[in-house]
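One structure is given here, and the rest of the page talks about it.
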Amino acid sequence: MKIVLSEAENRTMHAAELADEIYRRRLYLTRDGSKAHYTQIRARSGNYPERFEALPGNYIRLKESEE
């Protein structure tokens, strides 16, 4: 997610588009080799509030790094 969002305009993407791009690049596949559902991507972003911001309308934003 971080890789894809860092290259996106405004570091923001819709969860479904993000899931599609992650799958296209083969960055993450489910156990059976399929694409992760966008709801799984959205839930994952909630597990890392220091890295990602879940916005209304199922958009996900990569927070600015503090490096």
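The values are calculated or read from the model by the stated rules, or taken from the named source; none is laboratory data. Remember, predicted model here, so these are calculated numbers, not experimental data. Cβ sites come from the backbone with ideal geometry, for glycine too, and all protein chains shown count toward neighbours.
Does the range 38-58 contain at least one residue that is assigned to a strand (DSSP E or B) and in contact with a helix residue (DSSP H, G or I) (Cβ under 7 Å, 6 or more places away or on another chain)?
Yes, the range 38-58 has at least one match.
Pull out all pairs, ordered by first then second residue, where Cβ-Cβ is under 8 Å, the residues are six or more apart or on different chains, the first lies in the range 45-66 and is modelled with pLDDT under 95, and the second is in a loop (DSSP other than H, G, I, E, B) and surrounded by 17 or more Cβ atoms within 10 Å (Cβ to Cβ).
The qualifying pairs are Ser45/Met1.
Could you list all residues from the range 3-18 that are of a type in the set (Val, Ile, Thr) and either surrounded by 16 or more Cβ atoms within 10 Å (Cβ to Cβ) or not in a helix (DSSP H, G or I) (or both)? Before the answer, list the steps.
So the first thing to find is which residues in the range 3-18 are of a type in the set (Val, Ile, Thr), and the list is 3-4, 12.
Answer for the range 3-18, where residues must be of a type in the set (Val, Ile, Thr) and either surrounded by 16 or more Cβ atoms within 10 Å (Cβ to Cβ) or not in a helix (DSSP H, G or I) (or both): Val4, Thr12.
Return only the number of the condition from (1) surrounded by 14 or more Cβ atoms within 10 Å (Cβ to Cβ); (2) at pLDDT below 95; (3) farther than 17 Å from Glu53 by Cβ that Tyr23 does not satisfy.
For Tyr23, the failing item is (2).
Need the failing condition index for Leu29 against (1) surrounded by 12 or more Cβ atoms within 10 Å (Cβ to Cβ); (2) part of a helix (DSSP H, G or I), just the number.
Condition not satisfied by Leu29: (2).
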